1. Given +1 on the Cβ of Lys and Arg, -1 on the Cβ of Asp and Glu, and no further charges, what dipole in debye does the range 46-120 carry about its Cα centre, rounded to the nearest 20?
2. Taking θ as phi - 60°, what are the ³J(HN,Hα) couplings along the range 38-43 by the Karplus curve (6.51, -1.76, 1.60), each to the nearest whole Hz, with x for Gly and Pro?
3. Report the convex hull volume per residue for the range 30-120, counting only C-alpha atoms, in Å³.
4. Give a residue-ordered list of calculated ³J(HN,Hα) values for the range 76-86 (Karplus: 6.51 cos²θ - 1.76 cosθ + 1.60, θ = phi - 60°; whole Hz; x for Gly, Pro).
5. Local charge sum around residue 116 (other residues, Cβ-Cβ under 9 Å, Lys/Arg +1, Asp/Glu -1)?
6. Quick one: which residues, 5 or more positions from residue 80 or on another chain, have an amide H under 5 Å from its amide H? H modelled 1.01 Å from N in the peptide plane, none for Pro or chain starts.
Amino acid sequence: MKKILIVLTAVVLTACGKESGNAGVVREEPEAVSPQNAKEETLRYVADDGSSAHVTFGDSVEGKYISIRSNNKTIRVKHEADTDSGDIYREHDITVTANDSLVTIDQAGAVIELRKARGQ
C-alpha cells in the first residue's frame, strides 16, 4: 500500500509541474518590434577635402532624423524644424541643415559642408 501511495504521489507531483494543454504545440514567440514604419534613404555626400560620408535621412516612430557616417563614426541628430531652405536637425551642440544637395554640419562653431556626390 505504501508503494502505491508513493508512486501515486510522485505521479501527481510531476503532473502538477507540467503546463496544461497540448505539449506538441509550439508557442509563438512575441515578435520583436520591427521598424516596419521606419523609412530610410541613404546617399553618398562628399566634403570639400574629398572625404566621403554616407548620409541617411530617416523617418521613424520617434520622428525624422539624419544620420551621418564617415571614418567609422556616426552622428544621429533629431529633426527640429522645416524651413524654406531645408530641414534643420539639432541635438546637443550639433546643428545640421540639409536641403536637396547640401548638408551643413555645425558643431560648436566648426562647420563642415557636404555636397551630394555625382549620380546620387
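1. The dipole of the range 46-120 has a size of about 360 debye.
2. Couplings: 7, 10, 9, 9, 10, 10 Hz.
3. Details: hull volume 11.4 nm³, N = 91.
Enclosed volume per residue, from the Cα hull, is 125 Å³.
4. Values per residue, Gly and Pro as x: 10, 10, 7, 5, 10, 7, 9, 10, 5, 8, x Hz.
5. Cβ neighbours under 9 Å give a net charge of +2.
6. Sorted by chain and number, the residues that satisfy this are 88, 89, 90.
The numbers here are math on the coordinates, done by the rules we state, and not lab data. Treat the numbers as computed from the prediction; the structure is a model and nothing was measured. Every residue, glycine among them, receives a Cβ derived from its backbone with ideal geometry; neighbour counts consider all protein chains shown.
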